Each structure stands twice: as C-alpha cells, then as structure tokens.
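Peer 1: Got a structure for you, written out below as structure tokens; questions coming shortly.
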Amino acid sequence: MSLAVCPGSFDPITLGHVDVVRRAREMFDEVVVAVAHNPAKRYLFDAETRVELAGAALADVDGVRVELVPGLLARFCADVGAAAIVKGLRGAADFDNEQAMALMNRHLVGIETVFIMGDPTLGHIASSMVKDVASHGGDIEDLVPPAVAAALHRALSPSADPAGDGR
Ligand code: PNS
C-alpha cells in the first residue's frame, strides 16, 4: 500500500489543489491531504476550518483523507508512513519556493518530494488571489469548490466589512 502526503496551507483549498490531489491519488493507493502551518503566512481561516473545507472539497474522492499537521511536516510524513510528498507546480516561482522545503524534508526523514505540473487551465488560481478577488466582490465560483466559495463569501464579501478596514 503506497501512501502520499499532499501538504499545504490550504487557506482555502482551490480547484488547483483539488486537481493535484486527484492526480496524486492516481499514482498512490492513499493520499493524506496535510493541512500545515506556514509561519510566513497570516491565515484567513483557522486550521480546523481549513481542514473542514478541504474535507468537503474532496469528500467524493475515494482513498483521500484530510488531517491537521500538528508540527513538523517531515515528522508527520514519517508517522503516517508516507512514501512521498506530492506537490503541484504552476511555474518557476513555485519551484523556487518548493525546492528548499523538499531538500529539508528529505534531510530530516529521507522522504522524497514528487512534483507534478499544475493543469495549465488552472494556473491562474492561487489561494491568495482568490481571497483578494472575493474581498472585492468578484466571482470566485469557478476557482474554488462550492463550500469554499460560500465560506469566502461569508468571510470576505464587501458587505461583511463595509469600511474595508478589517474591523
Ligand atoms: O501552501 P504553503 O503555505 O506553501 O505550504 C507550506 C507548508 C505549510 C507545507 C510548510 O510551511 C510546512 O511544511 N509547514 C509545517 C512545518 C514544517 O515542517 N516546516 C519545515 C518545512 S521544510
């Protein structure tokens, strides 16, 4: 039984992430979507909500489960018996970010990272941009799964923050 971990912040999960997880599942018997903490980011959704939204987005995919990473991703991968980490790359900027993490995770527990090229039709989708579009009242229905769109509208629609100052 081969198991892969697809890690990320998933703040929130997008259709680009869902595509990568589905394709990882075609290569591995089981996929654990690992919702982890990136100290460089300020999150819109708390960790439990990010897990919940990812779970809803992937509920129809057999052999995929979503878990919270309590600390170091490498240790989590070792604990769940992962054969590899799988990440999607939209382009060179993604690679630059991922290379150091892949090498560090291999250094820590010997785990390899497998990169798959993101579907070019989804290459414009990034969680940060989706949040920006939603916060200005733009259409996000074809960028994220339905439950995520609803959660973003609740959290970010201009009417939820009429002054636009986050208060
Ligand atoms: O979606 P992101 O924010 O690019 O994902 C980065 C993430 C969360 C996977 C990374 O920051 C991570 O693995 N965090 C968990 C803590 C950890 O293991 N840090 C060392 C990474 S080499």
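The values are calculated or read from the model by the stated rules, or taken from the named source; none is laboratory data. As the structure is a prediction and not an experimental result, all values here were calculated from the model. Here the Cβ is made from the backbone with ideal geometry for all residues, glycine too, and neighbour counts use every protein chain on show. Surface areas here come from the heavy atoms of the whole protein model, side chains and all, with no ligands, DNA or RNA. Shrake-Rupley method; radii C 1.70, N 1.55, O 1.52, S 1.80 Å.
Peer 1: Could you grab me the full set of residues in segment 127-143 that are open to solvent by 50 Å² or more (accessible area, probe 1.4 Å) and outside any loop (DSSP other than H, G, I, E, B)?
Peer 2: Filtering segment 127-143 down to residues open to solvent by 50 Å² or more (accessible area, probe 1.4 Å) leaves 128-129, 132-133, 136-137, 139, 141-142.
If the condition is that a residue be open to solvent by 50 Å² or more (accessible area, probe 1.4 Å) and outside any loop (DSSP other than H, G, I, E, B), then Ser128, Met129, Asp132, Val133 are the ones that fit.
Peer 1: Name the residues in segment 52-86 that are farther than 21 Å from Val109 by Cβ, in contact (Cβ under 8 Å) with a residue 40 or more places away in the chain and either loosely packed, with under 13 Cβ neighbours inside 10 Å or away from the ligand (no atom under 13 Å from the Cβ) (or both), would you?
Peer 2: Matches in segment 52-86: Leu53, Ala56, Ala57, Leu58, Val61, Val64.
Peer 1: Now for a different question. Filter segment 87-106 down to the residues that are more than 11 Å from the ligand (Cβ to nearest atom) and in contact with a Phe, Trp or Tyr (Cβ under 8 Å, 6 or more places away or on another chain), then identify the one that is least open to solvent (accessible area, probe 1.4 Å).
Peer 2: Going through segment 87-106, the residues more than 11 Å from the ligand (Cβ to nearest atom) turn out to be 89-93, 95-96.
Add one more test, that the residue is in contact with a Phe, Trp or Tyr (Cβ under 8 Å, 6 or more places away or on another chain), and what stays is 89, 95.
Numbers: Leu89: 15, Phe95: 82 Å².
Across segment 87-106, the extreme among qualifying residues is Leu89.
Peer 1: What is the residue count in segment 60-75 for residues that are more than 15 Å from the chain's Cα centre (by Cα) and of a type in the set (A, V, I, L, M)? Step through it out loud before you land on a result.
Peer 2: From segment 60-75, those more than 15 Å from the chain's Cα centre (by Cα) are 60-63, 70-72, 74-75; that's our starting set.
Right, trim to of a type in the set (A, V, I, L, M) and you get 61, 72, 74.
The total comes to 3.
Peer 1: Shifting gears a bit: If a residue must be away from the ligand (no atom under 11 Å from the Cβ) and part of a loop (DSSP other than H, G, I, E, B), how many such residues does segment 107-126 contain? Give the derivation first.
Peer 2: Initial filter on segment 107-126 (away from the ligand (no atom under 11 Å from the Cβ)): 110, 112, 114-125.
Subset that is part of a loop (DSSP other than H, G, I, E, B): 110, 118-119, 123-125.
Adding up the residues that qualify gives 6.
Peer 1: Any residue at all in segment 132-142 that is within 16 Å of Leu15 (Cβ to Cβ), of a type outside the set (Asp, Glu) and within 16 Å of the ligand (Cβ to nearest atom)? Quick ask: steps written out before the conclusion?
Peer 2: Within segment 132-142, the subset within 16 Å of Leu15 (Cβ to Cβ) is 133-134, 138-142.
Pick out the ones that are also of a type outside the set (Asp, Glu) and you get 133-134, 138, 140.
Among the residues that remain, those that are also within 16 Å of the ligand (Cβ to nearest atom) are: none.
Checked segment 132-142: no residue is within 16 Å of Leu15 (Cβ to Cβ), of a type outside the set (Asp, Glu) and within 16 Å of the ligand (Cβ to nearest atom).
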